[in-house]
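The values are calculated or read from the model by the stated rules, or taken from the named source; none is laboratory data. Everything quoted here is computed from the prediction, not taken from an experiment. Methodologically, a virtual Cβ is constructed for each residue, glycine included, from the backbone with ideal geometry; neighbour enumeration extends over all protein chains shown.
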Amino acid sequence: MADFAPFIAAQDSQIHSALVGEFERQRDGLELIPSENYVSRAVLEANGSVFTNKYSEGYPGKRYYGGQEYTDIIERVAIDRLCQLFGCQYANVQPHAGAIANVAMYFALLKPGDTVLGMDLSHGGHLTHGHPVTCIAKIFNFVRYKMKDVETGEIDYDALRQTALAEKPKIILAGFSAYPRELDYQRIADIAKEVGAYAVADMAHIAGLIAGKALKNPFDYGFDIITSTTHKSLRGPRGGVIMTKDNADIAKKIDKAIFPGLQGGPLMHHVAARAVCFGEALKPEFQAYAQQVLKNAKAMEAVFHERGLKMITGGTSNHLILADVHSSFGVEGKRAQAVLDEVGITLNMNSIPDDPRPPLNPSGIRLGTPAITTRGFAEPQCAQVAHWIIDTLQAVDDEAKKAQIKADITALCQQFPIPDTFV
């Protein structure tokens, strides 16, 4: 691949070799990690642009360095497009990551010791929602809600309300990293209003599905703030954002929490790539993409039902599926991840609700459809992928069977090339 990254090839053979290897891995395999996707060539170009060279502490019109006429343009465009996508008035596009966005949101709204009510990690929540291993849990008090029925995914909203009444949280947080259903945003917003809390949604996983009009927008149900990443289903560069519906005072607090509170200069090449990504998400074809992500997940769900794979919550209403492979096929999550990787299917091991097994070798796996949908897969291809997953899990020690599955996967990948990102 002499024409692949030619400047790196000429200068640094070790890094070039790793780049080629990663390109081939993505080209020849199926990416099912729900938090990963393929960006467009335009997003990649912006992410590797001359804005890499520019330091831009501050905000548009209020920078601490000179030479900001073009950085101000891209940041204002990114903000305007993001607000248009989600129907809000204020946005901060500077957070380096989703975790930073969440931490900044906490510091903007809370004082040390204040309480946050969020989803329990074992029932689908995220580390940044207050898991005890995180640094943020040493500063604020986190209490948690869970599902009432793991078979259906129904959240115990009555228990959530009782906890809110007892604990008086300053924030009620809706959001998840491994929850396959939609939340009742209206009920959460009503409870937050009842106890005088901010209603905040962490939509990192489903931001693209909301932007694409395939899932509900929490702002339509009275939420004050949405935090998100810009990769995953939104199909942009890795990074975070914070949006505020219409409260200028909250927006000012968030801006101060990001800079100078937590970060110095923003990564302007990332901001440029986010602006391109948001522009792509405003196009009608992105709405078709978002709908197809959901259809593809349902196609996989149908096969898993048919072939006896136990899915947490009984299936999916969004882009991801959480499955108990240990009780279904006697395969631990770590082994399932490894053996599927051998045949060219990349997903991640994942704990299931109240998992008796440890996090580094849990009972479950997590998979999703955003990346393969970007690649052009529709329901027939996704159903076939689901069959390959079951076939592999039922043949973990059958090398000949796995070799055949790998060959079949490679052949399918050749029919659906990854986006023109790397050439």
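Which condition does THR313 not pass, out of (1) farther than 13 Å from PRO34 by Cα; (2) in contact with a helix residue (DSSP H, G or I) (Cβ under 8 Å, 6 or more places away or on another chain), if it passes all the others?
(2)
So which of GLY330, GLY376 ends up being under 21 Å from the mean Cα position of the chain (by Cα), modelled with pLDDT of 95 or more and among the small types (Gly, Ala, Ser)?
Values: GLY330 fails: under 21 Å from the mean Cα position of the chain (by Cα).
None of the other options fit; the residue is GLY376.
Scanning for something of a type outside the set (Ser, Thr, Tyr), in the same structural domain as PRO356 (by TED's automatic domain parsing) and not in a helix (DSSP H, G or I), does region 289-297 turn up at least one residue? Explain how you work it out, then say what you get.
Here is the first cut: in region 289-297, the ones of a type outside the set (Ser, Thr, Tyr) are 290-297.
Now narrow it down to the ones that are in the same structural domain as PRO356 (by TED's automatic domain parsing): 290-297.
Checking which are not in a helix (DSSP H, G or I) leaves us with none.
No, there is no match, as no residue in region 289-297 is of a type outside the set (Ser, Thr, Tyr), in the same structural domain as PRO356 (by TED's automatic domain parsing) and not in a helix (DSSP H, G or I).
Just checking, does region 78-90 include any residue being part of a loop (DSSP other than H, G, I, E, B) and either under 17 Å from the mean Cα position of the chain (by Cα) or surrounded by fewer than 17 Cβ atoms within 10 Å (Cβ to Cβ) (or both)?
Yes, some residue in region 78-90 is part of a loop (DSSP other than H, G, I, E, B) and either under 17 Å from the mean Cα position of the chain (by Cα) or surrounded by fewer than 17 Cβ atoms within 10 Å (Cβ to Cβ) (or both).
Could you tell me which residue of region 345-375 is surrounded by the fewest Cβ atoms within 10 Å (Cβ to Cβ), considering only residues that are in a loop (DSSP other than H, G, I, E, B) and among the hydrophobic types (A, V, I, L, M, F, W, C)?
Within region 345-375, the match that is surrounded by the fewest Cβ atoms within 10 Å (Cβ to Cβ) is LEU360.
Looking only at region 103-126, filter to residues that are in contact with an Asp or Glu (Cβ under 7 Å, 6 or more places away or on another chain) and within 18 Å of ALA192 (Cα to Cα); which one of those is surrounded by the fewest Cβ atoms within 10 Å (Cβ to Cβ)?
Across region 103-126, the extreme among qualifying residues is THR115.
Could you tell me which numbered condition SER40 fails, if it satisfies all but one of (1) touching a residue at least 24 places away in the same chain (Cβ under 8 Å); (2) more than 20 Å from LEU234 (Cβ to Cβ); (3) surrounded by fewer than 23 Cβ atoms within 10 Å (Cβ to Cβ); (4) among the polar types (S, T, N, Q)?
(2)
Being touching a strand residue (DSSP E or B) at 6+ places or on another chain (Cβ under 6 Å) and part of a helix (DSSP H, G or I) narrows it down to one residue among ALA336, ALA411, ALA400, ALA386; which is it?
ALA336
Can you tell me how many residues in region 139-162 are of a type outside the set (D, E, K, R), touching a helix residue (DSSP H, G or I) at 6+ places or on another chain (Cβ under 6 Å) and not in a loop (DSSP other than H, G, I, E, B)?
Within region 139-162, residues that are of a type outside the set (D, E, K, R), touching a helix residue (DSSP H, G or I) at 6+ places or on another chain (Cβ under 6 Å) and not in a loop (DSSP other than H, G, I, E, B) number 4.
It is to be established whether one or more residues within region 306-322 are of a type in the set (Lys, Arg), within 23 Å of GLU154 (Cα to Cα), in a strand (DSSP E or B) and modelled with pLDDT of 95 or more.
Checked region 306-322: at least one residue is of a type in the set (Lys, Arg), within 23 Å of GLU154 (Cα to Cα), in a strand (DSSP E or B) and modelled with pLDDT of 95 or more.
Yes/no matrix, rows are residues, columns are (1) in contact (Cβ under 8 Å) with a residue 40 or more places away in the chain; (2) under 18 Å from the mean Cα position of the chain (by Cα):
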{"position": "GLY124", "(1), (2)": "yes, yes"}
{"position": "VAL133", "(1), (2)": "no, no"}
{"position": "LYS148", "(1), (2)": "no, no"}
{"position": "GLU151", "(1), (2)": "yes, no"}
{"position": "ILE155", "(1), (2)": "no, no"}
{"position": "ALA164", "(1), (2)": "yes, no"}
{"position": "ILE172", "(1), (2)": "yes, no"}
{"position": "PHE176", "(1), (2)": "yes, yes"}
{"position": "LEU183", "(1), (2)": "no, yes"}
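For VAL241, all conditions in the list (1) over 21 Å from VAL77 (Cβ atoms); (2) crowded, with 24+ Cβ neighbours inside 10 Å hold save one; what is the number of the exception?
(1)
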